[in-house]
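Below is one structure, written out as structure tokens, with a few remarks after it.
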Amino acid sequence: MTDKVIITCAVTGAIHTPTMSDHLPITPDEIAEAAIGAAEAGAAILHLHARDPQTGKPDQSVEAFAPFLGRIKQSTDAVVNITTGGSPYMTVDERTKPAAKWSPEVASLNMGSMNFGFYPLLAKYRTFKHEWEREHLEGSRDLVFRNSFKDIEYVLETCYDNGTRFEFECYDISHLYNLAHFADRGLVKPPFFVQSVFGLLGGIGTHHEDIMHMKRTADRLFGKDFRWSVLGAGKDQFRIATQAVSMGGNIRVGLEDSIWISRGKLAESNAQQVTKARSIIEGMGLEIASPAEAREMLSLKGGDAVNF
Ligand code: KMH
Ligand code: ZN
């Protein structure tokens, strides 16, 4: 089994807003171009959300994904990963519909409920292009990202017949235990693609000991049955990626997780972040995984077994 490094690119997400960066992909064409560019730069997996083309507001309707899924599939062999997190303001039913419809190889699955605060970003922006942006940030002061055991069961059952496998988003140590619980019940099958999320206000921090603790705990709970990946929110994105790669991990970058390329400098594209991630990996004498190698490492159903 190859042990190359899988780069996932999360191209737009549902946290950052148009005012924060003119490079944030909003329209279906921008999302498609960003994803294809990220794949050409070396991303094996593309984590996708959709937005309203006019306002940039997160849009989790099945139709919102249609315009870019087909185009991405025609233009790249990268693995498409459709979010079931959507925006934390959405219901689990709403959040799961696109993955249920489009039957991707991978879908994200958030492994626990948590406070989900991005209101501190308010301090950085005096004015916003769109009214919804301020509400979106301010509202997160009282926002709980709901992922109850019943919600997680619902996503698993809804996507099970599709043969979709999951990017298990773990924002804290308890989320790893929740994944172990579902593994014990046989509701999820190895290899588990564990995406450890660091630096989201409400989840675990970004200290190097936090990263060590996540990996140690995952090793103890899952042994050889998992593929570890990490994402660092905001300015710590590349420091966390570098530590994880040196520990045998895979990494996620993209403007969903950080709008920066370096301290105080906005990333001009998702591909720019993928290129920087790749140089870190190759700088360590390691190689990036191709989409085919990622499929093998994660036991995916194949790019021709999707519904788009
Ligand atoms: N925004 C990330 C921190 C999802 O899409 O399911 C988590 C995320 C959630 O990617
Ligand atoms: Zn996401």
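Got a number for residues in region 74-101 being away from ligand 2 (no atom under 15 Å from the Cβ) and among the hydrophobic types (A, V, I, L, M, F, W, C)?
Summing the residues that are away from ligand 2 (no atom under 15 Å from the Cβ) and among the hydrophobic types (A, V, I, L, M, F, W, C) in region 74-101 gives 2.
Does residue 14 satisfy being of a type in the set (A, V, I, L, M), within 15 Å of ligand 1 (Cβ to nearest atom), more than 11 Å from residue 270 (Cβ to Cβ) and not in a helix (DSSP H, G or I)?
yes
In region 63-110, how many residues are without any contact (Cβ under 8 Å) to a residue 60 or more places away in the chain, surrounded by fewer than 23 Cβ atoms within 10 Å (Cβ to Cβ) and under 14 Å from the mean Cα position of the chain (by Cα)?
Residues that pass the stated criteria total 0.
Give the residue, chosen from 8, 19, that is within 16 Å of ligand 2 (Cβ to nearest atom) and of a type in the set (S, T, N, Q).
Being within 16 Å of ligand 2 (Cβ to nearest atom) and of a type in the set (S, T, N, Q) holds for just one of 8, 19, which is 8.
In region 17-59, which residue that is charged (D, E, K, R) and not in a helix (DSSP H, G or I) is farthest from ligand 1 (Cβ to nearest atom)?
22
Give me the residue from region 157-183 that is of a type in the set (D, E, K, R) and within 25 Å of residue 105 (Cβ to Cβ) and, out of that set, farthest from the chain's Cα centre (by Cα).
161
Considering only residues of region 102-127 that are away from ligand 2 (no atom under 15 Å from the Cβ) and among the polar types (S, T, N, Q), which is nearest to residue 196 (Cα to Cα)?
Out of the qualifying residues, it is 113.
What are the residue pairs meeting all of these: first residue in region 178-207, first residue over 20 Å from residue 81 (Cα atoms) and of a type in the set (Ser, Thr, Tyr), second residue part of a loop (DSSP other than H, G, I, E, B) and within 16 Å of ligand 2 (Cβ to nearest atom), Cβ atoms under 7 Å, and 6 or more apart or on different chains?
206/199
Name the residue, out of 158, 206, 164, that is surrounded by 23 or more Cβ atoms within 10 Å (Cβ to Cβ) and among the hydroxyl-bearing types (Ser, Thr, Tyr).
The match here is 164.
Every read-out reported here was derived from the displayed coordinates using simple, explicitly stated rules and does not represent laboratory data. Worth saying up front: this structure is predicted, and the values here are computed from it rather than measured. Positions of Cβ are generated from backbone atoms using ideal geometry, with glycine treated the same way; all protein chains shown enter the neighbour counts.
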